[in-house]
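A short worksheet on the structure shown next.
The values are calculated or read from the model by the stated rules, or taken from the named source; none is laboratory data. Note that the structure is a prediction, hence the values are computed from the model and not measured. Here Cβ is always computed from backbone atoms with ideal geometry, including for glycine, and neighbour counts include all displayed protein chains. SASA here: full protein model, heavy atoms, side chains in, ligands and nucleic acids out. Shrake-Rupley method; radii C 1.70, N 1.55, O 1.52, S 1.80 Å.
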There are 2 protein chains.
Amino acid sequence: MVSAHTDPDYSAAYVVIETDAEDGIKGCGITFTLGKGTEVVVCAVNALAHHVLNKDLKDIVGDFRGFYRQLTSDGQLRWIGPEKGVVHLATAAVLNAVWDLWAKQEGKPVWKLLVDMDPRTLVSCIDFRYITDVLTEEDALEILQKGQVGKKEREKQMLAQGYPAYTTSCAWLGYSDDTLKQLCAQALKDGWTRFKVKVGADLQDDVRRCQIIRDMIGPEKTLMMDANQRWDVPEAVEWMSKLAKFKPLWIEEPTSPDDILGHAAISKCHNRVIFKQLLQAKALQFLQIDSCRLGSVNENLSVLLMAKKFEIPVCPHAGGVGLCELVQHLIIFDYISVSASLKNRMCEYVDHLHEHFKYPVMIQRASYMPPKDPGYSTEMKEESVKKHQYPDGEVWKKLLAAQEN
Amino acid sequence: MVSAHTDPDYSAAYVVIETDAEDGIKGCGITFTLGKGTEVVVCAVNALAHHVLNKDLKDIVGDFRGFYRQLTSDGQLRWIGPEKGVVHLATAAVLNAVWDLWAKQEGKPVWKLLVDMDPRTLVSCIDFRYITDVLTEEDALEILQKGQVGKKEREKQMLAQGYPAYTTSCAWLGYSDDTLKQLCAQALKDGWTRFKVKVGADLQDDVRRCQIIRDMIGPEKTLMMDANQRWDVPEAVEWMSKLAKFKPLWIEEPTSPDDILGHAAISKCHNRVIFKQLLQAKALQFLQIDSCRLGSVNENLSVLLMAKKFEIPVCPHAGGVGLCELVQHLIIFDYISVSASLKNRMCEYVDHLHEHFKYPVMIQRASYMPPKDPGYSTEMKEESVKKHQYPDGEVWKKLLAAQEN
């Protein structure tokens, strides 16, 4: 057994697209890492920058599929991906900034921009390359047109009640049993009914921690588990047989994210081609979209539509830096215009780092309330950016000085 | 249909590990890109460098599995891979340099270092993480122990006859029919019997070009086709039905390299987990290892052993910058110590960029002759490195000056 993500210390690549518009409008995009590696992502953002610089926003969104392909199928940069790892993270950051800019220009939050968008325009944002055996442009259009029925009611419902969330904040590995109990008690008090626990480092430890949580939340509330790629396939089977008695709804990332055939139930994927196969192989019972690992709204749209075609519930991955802020737009749009269902659906929530965002998520009664400010909720507070900028920000200066001593 | 790799212009990340040994011994490693993107790979190499700097070679190769895992499972850098794209290319470059250094210190070419290595030591270089459902350490040991039988004879045979190669140099897209005919005639004269043609840009064009080649080489010689990820799955099926009459032995990369279920016959893969699944899914009829995309000798060893277990012939991918130089070591070792078979096996050969290497490949009678110089054949000529270094080399200075004017 090998542990993964042993010493995360989030950092983020933050892309700001400035324009010469009179209103001084700016598009902000983000993708994060667990610390080291952001410098590599920034290097890739710079390699992609020429696709955006001195372009007209109208031309970009007027042929958004073409622009997406320019970024992801650059004849030379394709080699160091394609559509995976560092370049795809950089692509997400750049495209997230474009979507923020577009939504701000339209004076709408991204979810509302998508909901109001004509199905043909929506489809023109999607690159169907490599997925036409499962989803064609015509399929996508048909799904979106069917989604028009009852849309207004669902939008009202979202504005009133929000989108159901689950919390991962109580049970990280490394928390003491006391901390775990305290956080769990507080979460129950705050109205949470769905909980995710991190597992995989030590089986005895996991059994004890799952027992504590299940005892506290009772038999009816929902429990999920996340192993963060820690196991080989036989190990995952053995481990899970010991944890099954706590009745988890799913076990997340039991093994390598590249292992399609070895995967069970739910997985973070790096692009639409991997999602397509998991759906084809009927290996997924839940589908986790990611707003910073996939190619922004564009690629997530294709995944939401494939999930609808296979009738697999989408339960977005969130946390990190800004994932909650971004992904709420996608899942709210999904409910209003695509899935029209809340059955077995919920969006992850982690209660950290929201203080750096200008338009942080709003959780009420364990639900994401639809954001009302224009844009993709990606913009960070000026003060936070200034403080955390590498290497000249105040926080870094202190860290680097401490290292030298 | 979208084209891929439309404007390749090879560049390479070249890693040199210097030591304080009295003999001034240096390890050289390489991974290449199609042009842009090498700066991103170099950035990732720098992020990995601390794992190598000030370490003792003995400690590294003494626990090579542990070292491999350090590089590929760094708690923070894992996020921007894992084991794929930019970080994995960087890992390959660094590890290739370590293998070059080790082999030079032992005074042997890498293939001979591997052939002479005790099976237990060989196995200790491999990270079995995520593949134990298909290949355990015990399986690997058993295969290698069986491979000891007849090893000496096979080594003699390799030294006398070399390893069978095929040529991709005649039929790149963009060559005129005249060039194609001329190159093909010359290749036949030089004794080549196996030919690969690039396809996928234009069907009529492909039909005409395949016809020319098949006519020239006759019905008995071997023809392969490579589509470089140009198609969606339905498109690949349609296209290939039109090219089937030219009797290709295989069609390479018909679609996305991430599409395991959509794949036919042969594919370049980015890590051992993808190879494992293609073998499990019986989706492969030939397996292409890659010495610059996979995690160096270490990860290629695991793939060679899995291929042996499934009895799938290995036909390495070569070309690019230095791929031929490196991969010959792996396939010669494979024949002598693992597969013990040449049936349906051959190694790609492309006749460019060898002039930059200190120990270039030697082809005789359309076969790779085993290299005799110590190391991994990765070392480049000082003059070539100096001239092509970015941005201060002579070649770059000229290019950059021309750009400014």
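The rotation axis that maps chain A onto chain B passes nearest to the beta carbon of this chain A residue, listed with its distance in whole angstrom: A:Gly85, 1. Sites counted here are trypsin sites (Lys or Arg not before Pro) in a DSSP loop (not H, G, I, E or B) having no more than 16 other Cβ atoms within 10 Å; the longest part of chain B that contains none of them is B:56-220. Shielding value for B:245-256 is 1, the average number of Cβ atoms from other chains within 10 Å of each residue's Cβ.
Contact order for segment B:149-380, expressed relative to its length and based on alpha carbon pairs under 8 Å spaced 6+ residues apart, stands at 22 percent. Peptide B:30-39 shows a mean partner chain C-beta count of 5 within 10 Å per residue C-beta. Structure remark: mean-square fluctuation, Gaussian network model of chain A, C-alpha springs under 10 Å; the largest value among A:Cys347, A:Cys43, A:Cys28 belongs to A:Cys43.
The rule of thumb for compact globular proteins, 2.2 N^0.38 Å, goes into the C-alpha radius of gyration of chain A 0.96 times. The B-A contact accounts for approximately 5300 Å² of buried accessible area, totalled over both chains at a 1.4 Å probe radius. Computed in the context of the full set of protein chains, the accessible area of the protein assembly as shown at 1.4 Å probe radius has 50% of its extent on carbon or sulfur. Please find, in a Gaussian network model of chain A (springs between Cα atoms separated by less than 10 Å), the residue of A:Thr168, A:Thr132, A:Thr72 whose mean-square fluctuation is greatest. Of A:Thr168, A:Thr132, A:Thr72, the Gaussian network model singles out A:Thr132 as fluctuating most. Here the label points at B:Val16 and A:Val207, each 7 Å from Cα along the C-beta direction, are separated by 5.7 nm in the simple model. A:Met380 sits with roughly 30 Å² accessible to a 1.4 Å probe, with DNA, RNA and ligands left out of the calculation.
The helix-only estimate of mean residue ellipticity at 222 nm for chain B, built from DSSP H runs of length n ≥ 4 each weighted as -39500 (n - 2.57), is -13000 deg cm²/dmol after division by the residue total.
Once the Cβ-Cβ distance of A:Trp172 and B:Asp116 is raised to the sixth power relative to R0 = 51 Å, the FRET efficiency obtained is 0.60. Per residue of peptide A:42-52, the mean number of Cβ atoms on other chains within 10 Å of the residue Cβ is 3.
Overall shape of the protein assembly as shown was characterised from the C-alpha gyration tensor. The equivalent ellipsoid obtained from it has semi-axes of 44, 31, 27 Å, in decreasing order. Listed by number, the DSSP H helices of chain B that run 30 Å or longer by alpha-carbon position along their axis and have mean Kyte hydropathy of at least -0.5 are B:85-106. Rolling a 1.4 Å probe across the protein heavy atoms gives segment A:149-380 an accessible surface of 34 Å² per residue. The same position B:Lys151 in the other copies lies at 6.9 nm from this copy, comparing label points 7 Å beyond Cα toward the beta-carbon, shortest first.
Label positions at B:Leu342 and A:Gln364, each projected 7 Å from the Cα along the C-beta direction, are separated by 7.7 nm. Extension gain, B:Glu311 to B:Ala244, is 21.6 nm, computed as 0.36 nm per intervening residue step minus the present C-alpha separation. What the Cβ-Cβ distance of A:Thr136 and B:Asp9 gives, at R0 = 45 Å and to the nearest 0.05, is a FRET efficiency of 0.80.
A crude spin-label estimate for the pair A:Lys387 and A:Lys372, with each label 7 Å from Cα along the Cβ direction, gives 2.7 nm.
What base-10 log of the normalised intensity I(q)/I(0) is obtained for segment B:110-198 from the Debye formula, alpha carbons as equal point scatterers, at q = 0.14, 0.24 Å⁻¹? Rounded to two decimals, the profile gives -0.75, -1.13. Spatially close Lys pairs in segment A:278-405, defined by Cα atoms under 15 Å apart and a spacing of eight or more places or different chains, total 11. Since only B:Gly24, B:Ser337, B:Gln105 are under comparison, the one whose Cα sits farthest along the positive direction of the charge dipole of chain B, derived from C-beta charges on Lys, Arg, Asp and Glu, is B:Ser337. Over what distance in Å are the Cα centres of segment A:356-405 and segment A:203-261 separated? What the calculation gives is 32 Å, centre to centre.
Annotation: extensible slack from B:Ala402 through B:Gln148 equals 85.7 nm (criterion: 0.36 nm per residue apart, minus Cα-Cα distance).
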